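The values are calculated or read from the model by the stated rules, or taken from the named source; none is laboratory data. Source: prediction; values computed, not measured. So basically every Cβ, Gly included, is an ideal-geometry build from the backbone, and we count neighbours across all protein chains shown. Please note that ligands, DNA and RNA were not included when accessible areas were found on the heavy atoms of the full protein model with its side chains. Shrake-Rupley method; radii C 1.70, N 1.55, O 1.52, S 1.80 Å.
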Amino acid sequence: MALPPRVFFTLHEASARWGCNIADIAGWSDAGKFRILTGIPAVRCGEEIIAGKVVLSPMELLPLFRRCGTGPSESVMWRIRPLARQDWLLITDPAGGIPVAVADMMIMAEEVHAFEEENDMVRRVAAGPGASKSYDWEGMTVALMLRIHDHGLPATQAELVAEMQDWFADQTDGKKMPDSRSIRRRITPIWRALRREDA
């Protein structure tokens, strides 16, 4: 039985996935490309009690994201934003804010996939000279049908493409993955046909 899709990626996982520095991730988040989240215990923000998933402002934690790598791994946050809201709340208790570490920061998987789709990002595995370019497309199609049969369609096509790329990685221990554009070319007709049926 296949596991369900991932829900979160840590910043370090996203950095490795995209081949970039966490300073880049902080910048893209500040520009509104995706949200950086963490989980917190119950805190008081004025009259409200807030706990669970919250959004962080990377510019308020800037020393954590130094490109040169000399910054601390943990800082203190005084402001948070509940996931479903647009307003920032000041933490009033504890009065000194609460600690947050880079290792505990995450990006939602759906936002990772949407960012990759928007920027036409390709996840590749380098192959040595003479490596075969053939991929198990038939096996992928079977895995795709099983995924749709067992769990239905995900929210976005980008998520489905990423899942199939992960399938290739799992089958080959990460040694042989086609790029996302090649997978999307094969998935798109199926995706459109099934979406038409849902409409």
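Looking only at residues that are in contact with a Phe, Trp or Tyr (Cβ under 6 Å, 6 or more places away or on another chain) and within 23 Å of Lys33 (Cα to Cα) in the range 59-92, which one is least open to solvent (accessible area, probe 1.4 Å)? Before you say what the answer is, go through the steps one by one.
First, pick out the residues of the range 59-92 that are in contact with a Phe, Trp or Tyr (Cβ under 6 Å, 6 or more places away or on another chain): 79, 81, 91.
Add one more test, that the residue is within 23 Å of Lys33 (Cα to Cα), and what stays is 79, 81.
On the way: Arg79: 84, Arg81: 33 Å².
Checking each candidate, the answer is Arg81.
Inspect all residues belonging to the range 71-78 and state whether any of them is outside any loop (DSSP other than H, G, I, E, B) and polar (S, T, N, Q).
Applying the first criterion (outside any loop (DSSP other than H, G, I, E, B)) to the range 71-78 yields 74-77.
From the residues that got through so far, the ones that are polar (S, T, N, Q) too are 75.
The answer is yes, given that some residue of the range 71-78 is outside any loop (DSSP other than H, G, I, E, B) and polar (S, T, N, Q).
Take the conditions hydrophobic (A, V, I, L, M, F, W, C) and surrounded by 14 or more Cβ atoms within 10 Å (Cβ to Cβ) and apply them to Cys45. Does it pass? Give the derivation first.
Details: hydrophobic (A, V, I, L, M, F, W, C): yes; surrounded by 14 or more Cβ atoms within 10 Å (Cβ to Cβ): yes.
Yes, satisfied.
Are there any pairs with C-beta distances below 7 angstrom linking a residue in the range 24-37 that is more than 10 Å from Ala14 (Cβ to Cβ) to a residue that is open to solvent by 70 Å² or more (accessible area, probe 1.4 Å), with the two at least 6 apart or on different chains, and if so which?
Asp30/Met59; Leu37/Lys53
Confirm whether Ala193 is over 19 Å from Pro4 (Cβ atoms), outside any loop (DSSP other than H, G, I, E, B), open to solvent by less than 80 Å² (accessible area, probe 1.4 Å) and modelled with pLDDT of 85 or more. If you could, list the steps in order and put the result at the bottom.
Numbers: over 19 Å from Pro4 (Cβ atoms): yes; outside any loop (DSSP other than H, G, I, E, B): yes; open to solvent by less than 80 Å² (accessible area, probe 1.4 Å): yes; modelled with pLDDT of 85 or more: yes.
So Ala193 passes the test.
For the range 1-49, what are the residues that are in a strand (DSSP E or B) and in contact with a Lys or Arg (Cβ under 8 Å, 6 or more places away or on another chain)? I'd like the intermediate steps shown before the answer.
If we filter the range 1-49 for residues that are in a strand (DSSP E or B), which is where we start, we get 8-10, 36-45, 48-49.
Phe9, Leu37, Thr38, Gly39, listed by residue number.
Any residue in the range 97-104 that is modelled with pLDDT under 95, of a type outside the set (Asp, Glu) and part of a loop (DSSP other than H, G, I, E, B)?
So far as the range 97-104 goes, yes, one or more of its residues are modelled with pLDDT under 95, of a type outside the set (Asp, Glu) and part of a loop (DSSP other than H, G, I, E, B).
With the requirement that a residue be acidic (Asp, Glu) and surrounded by 17 or more Cβ atoms within 10 Å (Cβ to Cβ), what does the range 132-178 give you? First the steps, then the outcome.
Looking only at the range 132-178, we keep the residues that are acidic (Asp, Glu), and these are 136, 138, 150, 159, 163, 166, 170, 173.
Hits for the range 132-178 are Glu159, Glu163.
Only one of (1) open to solvent by 50 Å² or more (accessible area, probe 1.4 Å); (2) within 23 Å of the chain's Cα centre (by Cα); (3) at pLDDT 90 or above fails for Ala109. Which number is that?
Going through the list (1) open to solvent by 50 Å² or more (accessible area, probe 1.4 Å); (2) within 23 Å of the chain's Cα centre (by Cα); (3) at pLDDT 90 or above, Ala109 breaks only (1).
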